[in-house]
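One structure is given below, encoded as structure tokens.
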Amino acid sequence: MSKTEPILQRSCLADTVADKLKELIISGKYKMGDRLASETELMQLYGVGRSSIREAVRILSNSGLVRVQQGVGTFIEFDQGIAEPLHQRLKRASGDDLNEVRQLLELKIAEKAALNRTQDDIDIMSGFLQKRNNAALKNLTHECIEADIDFHISIALAAKNEILADLYKTIASKMKKSFSQVLADTEIFIRKQDMHASLLQSIIDKDPKKAWYWAAKITSQIC
């Protein structure tokens, strides 16, 4: 294996190594079932320490690109002929990409919820929205994020489309992590509480056009 230029010091060397290995795997340099170079070889190749290599391999493993077999080696799991499973793809998705997908889903979900909601759905949605507001006013960021996600999931369930609901729940679990990383307080939740109340009211009123409108307003910004 030819030696490449050592990677310059960055905030996270492991991420850098993982990105470079990912490029090689996806480009076809490594094939399905191939054994990845040893830790020592990778250390020499990229000019980083063993801990960075191990963390990079862990990142690739969590992404479903490699399989670590203790005592044997690390093997490529990615097959160009097979689409990467959604749950694995989401592990390495950016916050912006997730929010864009979330927006597309929420527009249709809000519309369908306005057409199909039941009184039980209304009670559940109202409860989560009240919990969201209470947490926001007390500046309880974690609790507020939880209630916000639960509110939107309850709308997805009210839409009465299991596929849409499952897709949204998958996206929502990743959005929750993204929110936790970028939100330090509940200011934006307070600012957008009235929008969420209007969304709920449009669903209660069985008005799909207004539900679509308020969902679009809410998802135009984070949360």
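Going by the conditions given, is GLU100 out of contact with any helix residue (DSSP H, G or I) (no Cβ under 6 Å at 6 or more places or on another chain), buried (at least 17 other Cβ atoms within 10 Å of the Cβ), of a type in the set (Asp, Glu) and at pLDDT below 90? For GLU100, the condition - out of contact with any helix residue (DSSP H, G or I) (no Cβ under 6 Å at 6 or more places or on another chain), buried (at least 17 other Cβ atoms within 10 Å of the Cβ), of a type in the set (Asp, Glu) and at pLDDT below 90 - is not met. Would you confirm whether or not the stretch 2-25 contains a residue that is outside the structural domain of ALA156 (by TED's automatic domain parsing), of a type in the set (Gly, Ala, Ser), farther than 29 Å from THR170 by Cα and at pLDDT 90 or above? No, there is no match, as no residue in the stretch 2-25 is outside the structural domain of ALA156 (by TED's automatic domain parsing), of a type in the set (Gly, Ala, Ser), farther than 29 Å from THR170 by Cα and at pLDDT 90 or above. Considering (1) touching a Pro at 6+ places or on another chain (Cβ under 9 Å); (2) modelled with pLDDT of 85 or more, say which one ARG117 fails and leave the rest. Condition (1) is where ARG117 drops out. Taken as a whole, the stretch 179-192 holds no residue that is under 21 Å from ASP120 (Cβ atoms) and of a type outside the set (S, T, N, Q). Looking across the stretch 197-215, the residues that are out of contact with any helix residue (DSSP H, G or I) (no Cβ under 6 Å at 6 or more places or on another chain) and assigned to a helix (DSSP H, G or I) come down to ALA197, GLN201, LYS209, TYR213. Of all residues in the stretch 153-176, one or more are among the hydroxyl-bearing types (Ser, Thr, Tyr), farther than 16 Å from ASP121 by Cβ and either within 17 Å of the chain's Cα centre (by Cα) or buried (at least 17 other Cβ atoms within 10 Å of the Cβ) (or both). Cβ separations smaller than 7 Å between residues 6+ apart or across chains give the following pairs from the stretch 161-176 residues that are in the same structural domain as ILE149 (by TED's automatic domain parsing) and part of a helix (DSSP H, G or I) to residues that are of a type in the set (D, E, K, R) and surrounded by 15 or more Cβ atoms within 10 Å (Cβ to Cβ): LEU164/LYS108; ILE171/ARG102; MET175/ARG102.
Restricting the stretch 106-127 to residues that are buried (at least 21 other Cβ atoms within 10 Å of the Cβ) and closer than 19 Å to SER173 by Cα leaves a set whose member that is farthest from the chain's Cα centre (by Cα) is MET125. Once the stretch 27-63 is narrowed to residues that are more than 18 Å from CYS12 (Cα to Cα) and among the acidic types (Asp, Glu), the residue that is surrounded by the fewest Cβ atoms within 10 Å (Cβ to Cβ) is GLU41.
The values are calculated or read from the model by the stated rules, or taken from the named source; none is laboratory data. Fair warning: this is a prediction, and the values are worked out from it, not measured in the lab. Please note: Cβ atoms are built from the backbone with ideal geometry, for glycine as well, and neighbour counts cover all protein chains shown.
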